[in-house]
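A quick write-up on the structure given underneath.
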Amino acid sequence: MMETLFYLAAVIALSATILALTRANAAHALIYLILSLLAVAVLFFLMGAPFAAALEILIYAGAIMVLFVFVIMMLNLGKSGEELERSGLHARNWIIPGIMATLLFVELMYAVEQTSSLTSGTAVSPKEVGLELFGPYVLAVELASMLLLAGLVGAYHLGRRFIVRSGSDD
Amino acid sequence: MSELGTIGFGLFIILAAVGGAATLTWFERRLLGIWQDRYGPNRLGPFGVGQVASDMIKLLTKHDWVPPFSDRVVFVFAPTAIVVAMMLGFAVVPFGPDLYVIDLNIGLLFFLGMTSLAVYSVLLAALASNNKYALLGGLRSAAQMVSYEVFMGLSLMGVVMLTGSFSMRAIVEAQTDLWNFIPQFLGLFTFLIAGIAESHRLPFDLPEAEHELTAGFHTEYSGMKFAMFMLGEYLGLILISCMIVALFFGGWLGPWLPPIVWFCLKTFIVICFFILLRAAIPRPRYDQLMTLGWKYMLPLTLFNLLVTGAVALTLKGG
Amino acid sequence: MFKSLRSQLTTIWTILQHSFTPAETVQYPEEQPYLAPRYRGRIVLTRDPDGDERCVACNLCAAACPPDCIALQQGVREDGRWYPEFFRINFSRCIMCGMCEEACPTNAIQLTPDFEMCEYERQSMVYEKEHLLISGTGKYHDYNFYRVSGLAIDGKDKGQGQNEAQPIDVKSLLP
């Protein structure tokens, strides 16, 4: 039962990603990408990492992709955008990145072959994730938080009003 | 609960939620009528309950039009997303000590994830409609949802800290001595506001804002597809109310009455409060909404989180 | 911030108090609301106390009408009185603003407290003179335009109106 679900979700994730790559319409591509992310969340869940699955839905599908859609709305892509996208799908444009990606894939397969099993077989509860994050990986967490803080300050700097008009309310 | 029982209960919850949402359309109008010193729909059936049926017949038999300039597939798909996401959200709501569809150990995160997925309904509808007003509504919706989602999650982390678990059942059971709304008053306040914004109910219904944007993201929708949006909105209202009850008002806990009655009663009161907010508060301007979210609510939730963390640590004795 | 928060809470409390106030509206078809005598509803044309129609077809009402729903044409009777040959109000356009009533110099056009005009055909909303004319004097019982005006008609020469001085003979040198 679980295995069937796993492979079903994997097939959905793969095909959705391929479709996302080949769509000319940006909005359609995004929808496939969201679908792919949701399928990956299901994979995480089935592999015993419900916390990662929830975060995948919450942050990737729920927040980041919303911003992508937001940007697409702002750009007002019309027919010309679609033609540009189609021209980007010619073989000469993607053949080199494709070869590189295949190399990476082979490398990944090799790495997978070396390890005995990918999951411990037991579900990881959110508490364990938290203890791990603030135990052995606390340095990484702090570094990431510093990076995010820098991003926040940068965004604030870019977004503030440079010319203060007199009498403007804030 | 056996597997078959769970499926049956799930189906029952879906039916009850849809029925509740349909009745809510009438109930809300009656309640608004009372608060605005008028009657509201009271003609058909006792107290006008028949209005629900007649509205449904009207929506079902209406011409289901897909505008020729729209992105057809996405246009048809969009309204289903919000309904599906909201219904999935009901899966983790604990209606009683043994009355729930599933007790995930990430229950709260699952709920947050589902409400955040409901945004797509609005966004895709706006994009697919190919209409200026819909686009403006979608843009507003995107910004509003992303901003309010940030502190919606954070406002609940205080509750999680007090409980030490994401499981909805554990959260309710941890409130046996003291309901969370006393120690987590700021959390309740911020979650309430975020909840209204997430289900885009009236004080924060900028995505549809009928005075400025005709109907915002569902300008081009009619008939059953429009009904799906309304259903999603009311399901969202019920879901947020259920969550507020479970997280802050002790869920099914209460003396004398059976747990499910307590839960429904509390949810009902919270829904009435949401409708009261709709009756009382005018819609803020778009920039005011953003200011409120980022400049007041986010610091408030962070402050709440800090204090709760400190208190929780001290009480545990470090 | 706190000021606006308090304002919002006050609003909520005020609205909540309205749970216990009776409804301002009434159940219309069964329960009729009170309409003041000067309520602006369906338009009528009145007659003077002698039974003649008051309208002198001056067209002021048609000129004052914001949605241009009044149409009429002037005619002159043999006794010198003016009258409308036809007088037409399109009630599907009328907004019951009462401007025509204010403009009317002879108190002929008046608004009544009746608003229940429902038709299945749009054409039925166009009222002709025979539909508009009533046999009474409306709100002004004693007013008769030709009795107070200086216009000469059969049986009443210049200077014979109420409170009217004799016309000055401009060709005479006498004071």
Kirkwood hydrodynamic radius for segment B:20-78: how many Å is it when counted over pairs of different Cα atoms?
13.5
Based solely on C-alpha atoms, express the radius of gyration and the Dmax of chain A in angstrom.
21.0, 69
Once phi for every residue in segment C:120-137 is put through the Karplus expression 6.51 cos²θ - 1.76 cosθ + 1.60 (θ = phi - 60°), the whole-Hz ³J(HN,Hα) values, with Gly and Pro written as x, are 7, 10, 5, 4, 6, 7, 8, 9, 8, 4, 5, 7, 8, 5, 10, 8, x, 9
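Find the accessible area per residue for segment C:49-175; the probe is 1.4 Å, ligands and nucleic acids are left out, and the unit is Å². Provide the component values of the computation, followed by the final result.
Details: 8070 Å² over 127 residues.
Each residue of segment C:49-175 exposes 64 Å² on average to a 1.4 Å probe.
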Once phi is turned into ³J(HN,Hα) by the Karplus curve 6.51 cos²θ - 1.76 cosθ + 1.60 with θ = phi - 60°, what whole-Hz value does each residue of segment B:150-155 show in order, with x for glycine and proline?
4, 8, 4, x, 5, 5
Shielding score for A:34-43, defined as the mean number of other chain Cβ atoms within 10 Å
1
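Where the accessible area of chain B is counted over protein heavy atoms with a 1.4 Å probe, how much of it, in %, is carbon and sulfur?
Working: 9570 of 13180 Å².
The nonpolar share, carbon plus sulfur, comes to 73 percent.
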With springs only between Cα atoms under 10 Å apart, run a GNM on chain B and tell me which of B:178, B:213, B:253 wobbles the most.
B:178
Could you tell me how many cubic angstrom of Cα convex hull volume segment B:49-180 has per residue?
151
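Using the crude model of +1 on Lys and Arg Cβ and -1 on Asp and Glu Cβ, and no other charge, please compute the dipole size for chain C relative to its Cα centre, in debye to 20.
Working: 18 positive and 24 negative charges, 161 e Å.
Dipole of chain C, to the nearest 20 debye: 780 debye.
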Expressed in Å to one decimal, the Kirkwood Rh of the protein assembly as shown from all distinct alpha-carbon pairs is 30.8
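Only helical DSSP H runs with n ≥ 4 go in: add -39500 (n - 2.57) per run for chain A, normalise by residue count and round the 222 nm mean residue ellipticity to 500 deg cm²/dmol.
Taken over chain A, the calculation gives -24000 deg cm²/dmol.
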Built amide H within the under 5 Å cut-off of residue C:152, gap 5+
none
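Take peptide A:59-67, look around each residue's Cβ out to 10 angstrom, count Cβ atoms belonging to other protein chains, and average those counts. Could you put the intermediate results ahead of the total?
Values: counts 4, 0, 5, 14, 7, 1, 5, 12, 3.
Counting other chains' Cβ atoms within 10 Å and averaging over A:59-67 gives 6.
Just the number, please: carbon plus sulfur as a percent of the accessible area of chain C, 1.4 Å probe, no ligands or DNA/RNA counted. Could the numbers behind the result be given before it?
Details: 6400 of 11790 Å².
Heavy-atom surface of chain C belonging to carbon and sulfur, 1.4 Å probe: 54 percent.
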Between residue B:77 and residue B:295, with labels modelled 7 Å along Cα→Cβ, what's the label distance in nm to one decimal, could you check?
4.0
222 nm mean residue ellipticity, helices alone, for chain C (DSSP H n ≥ 4; -39,500 (n - 2.57); rounded to 500)
-5000 deg cm²/dmol
Given the options B:64, B:177, B:55, which has the most mean-square fluctuation in a GNM of chain B, springs set between C-alpha atoms less than 10 angstrom apart?
B:177
Strictly over 19 Å apart at the Cα level, which of A:127/B:316; B:295/C:3; B:58/B:225; A:79/B:225; B:62/B:225 would you flag in this model?
A:79/B:225
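Grab the beta carbon distance between residue B:211 and residue C:7, set R0 = 22 Å, and tell me the FRET efficiency rounded to 0.05.
Numbers: r = 21 Å, r/R0 = 0.96.
Efficiency, rounded to the nearest 0.05: 0.55.
Can you divide the C-alpha Rg of segment C:36-145 by 2.2 N^0.38 Å and report the result to two decimal places? Can you show the working numbers first?
On the way: Rg = 13.3 Å, N = 110, 2.2 N^0.38 = 13.1 Å.
The reported ratio for this selection is 1.02.
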Am I reading the A/B interface right? What is its buried accessible area, both sides, 1.4 Å probe, to the nearest 100 Å²?
2200
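Evaluated at 20 °C with a viscosity of 1.002 mPa s, what Stokes-Einstein diffusion coefficient in µm²/s does segment B:65-317 have when Rh comes from the Kirkwood expression over alpha-carbon pairs?
Working: Rh = 18.7 Å.
It comes out at roughly 115 µm²/s.
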Cα principal axis extents for segment C:14-81, largest first, Å:
69, 28, 19
What spacing in nm lies between the two simple spin-label points modelled at residue B:63 and residue A:11, each 7 Å away from Cα in the Cβ direction?
4.2
Would you be so kind as to list the residues of segment B:122-151 that have their accessible area lowered by at least 20 Å² in the full protein complex compared with their chain by itself (1.4 Å probe)?
B:123, B:124, B:127, B:135, B:139, B:142, B:146, B:149
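The values are calculated or read from the model by the stated rules, or taken from the named source; none is laboratory data. Source: prediction; values computed, not measured. Here Cβ is always computed from backbone atoms with ideal geometry, including for glycine, and neighbour counts include all displayed protein chains. The protein model used for the area step is the full one, side chains on, heavy atoms only, and it has no ligands, DNA or RNA in it. Shrake-Rupley method; radii C 1.70, N 1.55, O 1.52, S 1.80 Å.
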